[in-house]
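A short write-up of the structure that comes next.
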Amino acid sequence: MKKKSFDRREHLLAAALDEFIAYSYEEASLNRIIKNAGISKGTFYYHFQDKQALYLSLLQSAADAKIGFLEGALAKDLHNDDWNLFKILRHQARFGVEFAKSHPGYYLFGLMFLREKGNEIYKTGMDSLDDVPESYYDELLERAMERGDFREGVSLRFIKKILPFILYRFDEIFDAKKEEIDFDLLIRNFDTLIDFMEYGLAKERPEAQPEGSRWGTEK
């Protein structure tokens, strides 16, 4: 009986993943998910309270799968003092693309979730996620600061604000489209983003720098 219940849940999650990839959260139909899963409404409500609970469960499953995939690389990179932060980020990006290749459904679902920004489900989803702990990135950036990866005068507080802000918006910056997944292009785009963070836009860095802002130069 438990095996049968597990199989039905798996069919339900597979049907839900297809639905949430094809449609926005509001447009996604619970009735269509139930029909495509080949289950009854009673079976659905045995497993989930409503569409939102199903959506959040899938979101956490995608996050857990990605963290599990990246876990070894994340732990190794955190204590790798032979590479600067930017080389570490390039390395992690390549693992991220390998995850997308091996879990294309989760990758596409993630793109659809990003399109929900501004909607209540996005905030609810972000609040519910048990993702890479903030302390990991804090320690990664603190070690980078100790190594001297950043130019003199830039504050750690500023970096902790701006770097995640840029990275989390990668798919927005490059207008990632679920209809045309080009993994080689993903890597090239990420390298472009890291080049920007590492070298900036100026042709040459001027000798005299203007006084920085409160965020940019405070210790």
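The values are calculated or read from the model by the stated rules, or taken from the named source; none is laboratory data. It should be emphasised that the depicted structure is a prediction, and the values quoted were computed from it without experimental measurement. We place every Cβ from the backbone using ideal geometry, glycine too, and count neighbours over all the protein chains shown. To get the accessible areas, we keep the full protein, side chains included, count just its heavy atoms, and leave off ligands, DNA and RNA. Shrake-Rupley method; radii C 1.70, N 1.55, O 1.52, S 1.80 Å.
Subtracting the Cα-Cα distance from 0.36 nm times the residue separation, let me have the gained length for ASN84 to MET112 in nm, one decimal.
6.8 nm
Over 24 Å between Cα atoms, which of LYS101/LYS123; LYS66/LYS117; LYS117/LYS160; LYS76/LYS123; LYS87/LYS161 qualify?
Where the Cα-Cα span goes over 24 Å, the pairs concerned are LYS101/LYS123; LYS76/LYS123.
How large is the dipole of region 34-149 about the Cα centre if only Lys and Arg carry +1 and Asp and Glu carry -1, each at its Cβ, rounded to the nearest 20 debye?
The calculated dipole for region 34-149 is roughly 800 debye.
Can you work out the Karplus-derived ³J(HN,Hα) for every residue in region 116-129? Use 6.51 cos²θ - 1.76 cosθ + 1.60 with θ = phi - 60°, whole Hz, and x for glycine or proline.
Ordered by residue, 3J(HN,Hα) equals 7, 4, x, 9, 4, 5, 5, 4, 4, x, 5, 5, 8, 6 Hz.
How high is the FRET efficiency from ARG32 to ARG169, r the C-beta distance, R0 45 Å, rounded to 0.05?
Efficiency at R0 = 45 Å is approximately 0.90.
Using the alpha-carbon atoms, what tilt in degrees (0 to 90, nearest 10) does helix 104-114 show relative to the longest principal axis of the chain?
That helix lies at roughly 70 degrees to the long axis.
Which percent of the accessible heavy-atom area of the chain goes to carbon and sulfur, probe 1.4 angstrom?
In the chain, the share of accessible area belonging to carbon and sulfur is 52 percent.
How big is the charge dipole of the chain about its Cα centre, in debye rounded to the nearest 20, if each Lys and Arg gets +1 on its Cβ and each Asp and Glu gets -1 on its Cβ?
The calculated dipole for the chain is roughly 800 debye.
Provide the per-residue ³J(HN,Hα) series for region 38-52, in order, calculated from phi with Karplus coefficients 6.51, -1.76, 1.60 and θ = phi - 60°, each as a whole number of Hz, with x at glycine and proline positions.
x, 10, 8, 5, x, 5, 4, 6, 5, 9, 9, 6, 6, 4, 5
Could you size up the charge dipole of region 54-102 around its Cα centre, putting +1 on the beta carbon of Lys and Arg and -1 on that of Asp and Glu, and report it in debye to the nearest 20?
Here region 54-102 has a charge dipole of around 200 debye.
List, in order, the whole-Hz ³J(HN,Hα) value for each residue of region 92-102 obtained from phi through the Karplus relation with A = 6.51, B = -1.76, C = 1.60 and θ = phi - 60°; use x for Gly and Pro.
Running phi through 6.51 cos²θ - 1.76 cosθ + 1.60 with θ = phi - 60° gives 5, 4, 5, 5, x, 5, 4, 5, 4, 5, 8 Hz.
What 222 nm value per residue comes from the helices of the chain, counting each DSSP H run with n ≥ 4 as -39,500 (n - 2.57) and dividing by all residues, nearest 500 deg cm²/dmol?
About -22000 deg cm²/dmol.
Hey, what's region 1-102 come to in accessible area per residue, 1.4 Å probe, Å²?
Here the residues of region 1-102 average 56 Å² of exposed surface.
What Rg and what Dmax come out for the chain when only alpha-carbon atoms are used, in angstroms?
20.8, 74
Using only the alpha carbons, work out the radius of gyration and Dmax of region 66-193 in angstrom.
In Å, with Rg to one decimal and Dmax whole: 15.3, 43.
Using Cα-Cα distances under 8 Å and only pairs 6 or more residues apart, what relative contact order does region 1-145 have, in percent?
Rounded, it is 30 percent for region 1-145.
With angles folded into 0 to 90 degrees, how steeply does helix 2-22 sit against the dominant principal axis of the chain? Use alpha carbons for both and round to 10.
Compared with the principal axis, the helix lies near 60 degrees.
Compute the long axis of helix 156-167 from its Cα atoms, compare it with the longest principal axis of the Cα atoms of the chain, and write down the angle in degrees, 0 to 90, nearest 10.
Approximately 50 degrees, to the nearest 10.
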